[in-house]
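The values are calculated or read from the model by the stated rules, or taken from the named source; none is laboratory data. As the structure is a computational prediction, the values presented were derived from the model and not from experiment. Please note: Cβ atoms are built from the backbone with ideal geometry, for glycine as well, and neighbour counts cover all protein chains shown. Protein only, heavy atoms only, side chains kept; ligands, DNA and RNA dropped before computing areas. Shrake-Rupley method; radii C 1.70, N 1.55, O 1.52, S 1.80 Å.
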Amino acid sequence: MSAKTRICCRRGCNEPVKKPTAKYCSIQCCAIDPERHERLRKHAKTVLPMSRQLTLAIPGGAANPEAQLALLGHDREDVPAGMARLGG
Ligand SMILES: [Zn+2]
C-alpha cells in the first residue's frame with residue numbers, strides 16, 4: 001500500500017479514495033456511512049447551545065454591545081463551516 005493511496009473511511013469499505021481531498025471512495029459511500037451521520041448529529045448538538053447563548057445575549061446585550069457583536073460574528077463563521085462539512 002503506497003502512502004498516496006488512502007482507503008475509504010467508512011468502516012467495512014476498503015475501496016481506495018480517488019481524490020486527495022476526499023475521505024470516501026464515492027458520494028454514495030459517504031451518504032450511507034452511519035459514523036458520518038453520528039458525527040453530524042454531534043456537531044449539530046454542539047452548535048445548538050451556542051445559538052441559545054446568542055438568544056439570551058440579545059436582551060442583556062445592551063450593556064455590552066461589543067460583546068454582542070462578537071457573538072454574532074462568531075456564529076456567522078460557524079454557519080459556512082457547517083455547510084461545507086455537509087457538502088464535502
Ligand atoms: Zn467507500
List the residue pairs whose Cβ atoms are under 9 Å apart, where the first residue sits in segment 10-31 and is among the aromatic types (Phe, Trp, Tyr), the second is open to solvent by less than 30 Å² (accessible area, probe 1.4 Å) and outside any loop (DSSP other than H, G, I, E, B), and the two are 6 or more positions apart or on different chains. Tyr24/Val17; Tyr24/Cys30
Residues in segment 1-12 that are near the ligand (Cβ under 9 Å from one of its atoms) and either over 16 Å from Glu38 (Cβ atoms) or modelled with pLDDT under 90 (or both): how many? 2
For Ser26, state whether it is within 22 Å of the chain's Cα centre (by Cα), of a type outside the set (Lys, Arg), surrounded by 10 or more Cβ atoms within 10 Å (Cβ to Cβ) and modelled with pLDDT under 65. no
So is Ala31 open to solvent by 40 Å² or more (accessible area, probe 1.4 Å), more than 9 Å from the ligand (Cβ to nearest atom) and among the small types (Gly, Ala, Ser) or not? yes
